[in-house]
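Laboratory data are not the source of any read-out in this text; all were calculated from the coordinates shown. Everything quoted here is computed from the prediction, not taken from an experiment. Cβ: placed from backbone, ideal geometry, glycine included. Neighbour counts: every protein chain shown.
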Amino acid sequence: MSRKLLATIPALLAPMFGLVLTAHADNNVHIPGTACSPRKSDVGKTQYNTVRIQNESTSSSATVSCPVHYQDDANHGPTNFFVRVIDRNSASDVSCTFRIFDEFSTTVIFQSTVRSSGNTSSVQDLDDGSGNGIELDPFAGFSLMSMDCSLPLDPDGSHRSSVVNYQLGQVCTGVCP
């Protein structure tokens, strides 16, 4: 019997036994740094590398903007925002600002800036001091979100700072399967 046929058997037999099969989407998806875009003035400074965006300029920092998707389904609310970076500049930190806007995208209703903690080739999880990324109130009511990160210059042509990935953590706040 083929694997494809075997995989369909539970779905075919479930109704016969009064069972309901439910697929659960992961609401805590990691977004790669390649989803970020450099500001217009920084396009020539940045480069995409596998899953991250990095600053290759040896003369100045670069700012990238990263979209944050949130689908308000009345049953899930954001609890935390996580960002992972690599900081390869010993004189400047990677700095990321997470913002939540009103439904018209005209007013910032929440903002938090987090920074890396020094030069290392390892991935750093940026934190607001909570030990859990940037903490959010899942019942606050959310609209549009974004993140901008400033990536310091590459000091010698081989130490590039980058945004690796980011994630909006969500929790069930209503009726969840």
Exercise for the section: Mind grabbing the base-10 log of I(q)/I(0) for the range 32-172 at q = 0.20, 0.21 Å⁻¹? Debye formula, identical points on the C-alpha positions, no solvent, two decimal places. Expected result: -1.14, -1.22
Exercise for the section: May I ask for the net charge around CYS96, where only other residues with Cβ less than 12 Å from the Cβ of CYS96 are counted and Lys, Arg are +1 while Asp, Glu are -1? Expected result: -3
Problem - Pairs of Cα atoms farther than 22 Å apart, the range 36-119, % - result: 37 percent
Problem - Relative contact order %, the range 32-172, counting alpha carbon pairs below 8 Å whose residues are six or more apart - result: 38 percent
Handout entry: Distance between modelled label sites at LYS40 and ASP102, nm, 7 Å Cα→Cβ extension
Key = 2.6 nm
